[in-house]
Amino acid sequence: KKSKSEIIAHRIELRERKHCMPFSEENAALYNITHEYGHMIQNNLIQQRMIEKGLDLSTPEMFVDTAKLKAKNPYVRREAYAWYSKTKLEVAKECKNEIIEIAKQNNPNFDYISNISKYGENDSVEFFAEVFANSQLGKPTELGDAINIWLKRREIVQ
């Protein structure tokens, strides 16, 4: 079991290795929860999109292919959730593209790699959570600033 100080020291080490986004020292203990809150925001957007596509929340299992769920092959079982997976990726990519576009509007010389963590660099879902955490924890990059604008435009925050 790690102590709070060990967890904070590890998070700071990850920041220094650029595995996670920049944050101010006093917010180190909040990084993980803020990152996960970013996932919650995006999951809500995914749910909204699924409702637009016909999901009835009274029968959430309707998007699961139950025949594939019973298969012995794990790859076939994973395909049981194809509708959700496709929608999740669709929403994540849209969010990422919109946020990057705002960053480019703010700075025509915007450099993606210098503004994103290694963890968020190649995964659209992790991109959102990483950039959200960065935007809230005291040391926003251009992407952190951009997601704050994006959140206001989407009326997710005031």
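Assorted remarks:
- Residue within the range 49-62 that is out of contact with any Phe, Trp or Tyr (no Cβ under 6 Å at 6 or more places or on another chain), at pLDDT 90 or above and surrounded by 13 or more Cβ atoms within 10 Å (Cβ to Cβ) present: yes
- Scanning the range 104-135 for residues that are among the polar types (S, T, N, Q), open to solvent by less than 90 Å² (accessible area, probe 1.4 Å) and in a helix (DSSP H, G or I) turns up SER114, ASN115, SER124, ASN134, SER135.
- Residue in the range 144-158 that is part of a loop (DSSP other than H, G, I, E, B), among the β-branched types (Val, Ile, Thr), open to solvent by less than 50 Å² (accessible area, probe 1.4 Å) and farther than 16 Å from GLU94 by Cβ present: no
- Of all residues in the range 1-29, those that are farther than 18 Å from LYS139 by Cα have Cβ atoms under 8 Å from Cβ atoms of residues that are in a helix (DSSP H, G or I) and open to solvent by 70 Å² or more (accessible area, probe 1.4 Å), 6 or more apart or on another chain, in LYS2/HIS10.
- Considering the range 70-80, the residues that are closer than 23 Å to SER124 by Cβ and open to solvent by 90 Å² or more (accessible area, probe 1.4 Å) include one that is modelled with the highest pLDDT, namely GLU79.
- Within the range 3-17, considering residues that are of a type in the set (A, V, I, L, M, F, W, C) and open to solvent by less than 60 Å² (accessible area, probe 1.4 Å), the one farthest from the chain's Cα centre (by Cα): ALA9
- Options LYS139, LYS96: the member that is open to solvent by 20 Å² or more (accessible area, probe 1.4 Å) and over 16 Å from the mean Cα position of the chain (by Cα): LYS139
- Considering TYR84, TYR37, the condition of being more than 22 Å from ILE113 (Cα to Cα), open to solvent by 40 Å² or more (accessible area, probe 1.4 Å) and touching a residue at least 60 places away in the same chain (Cβ under 8 Å) is satisfied by TYR37 alone.
- Hey, ALA67 modelled with pLDDT under 90, farther than 25 Å from ASP145 by Cβ and loosely packed, with under 15 Cβ neighbours inside 10 Å or not: yes
- Pairs, first over 17 Å from ILE100 (Cβ atoms) in the range 146-158, second assigned to a helix (DSSP H, G or I) and modelled with pLDDT of 95 or more, C-beta under 6 Å, six or more apart: VAL157/LEU151
The values are calculated or read from the model by the stated rules, or taken from the named source; none is laboratory data. No experiment lies behind these values; they were computed from the predicted model shown. Backbone-built Cβ (ideal geometry, glycine too); neighbour counts: all protein chains shown. Note: areas computed on protein heavy atoms with side chains; ligands, DNA, RNA excluded. Shrake-Rupley method; radii C 1.70, N 1.55, O 1.52, S 1.80 Å.
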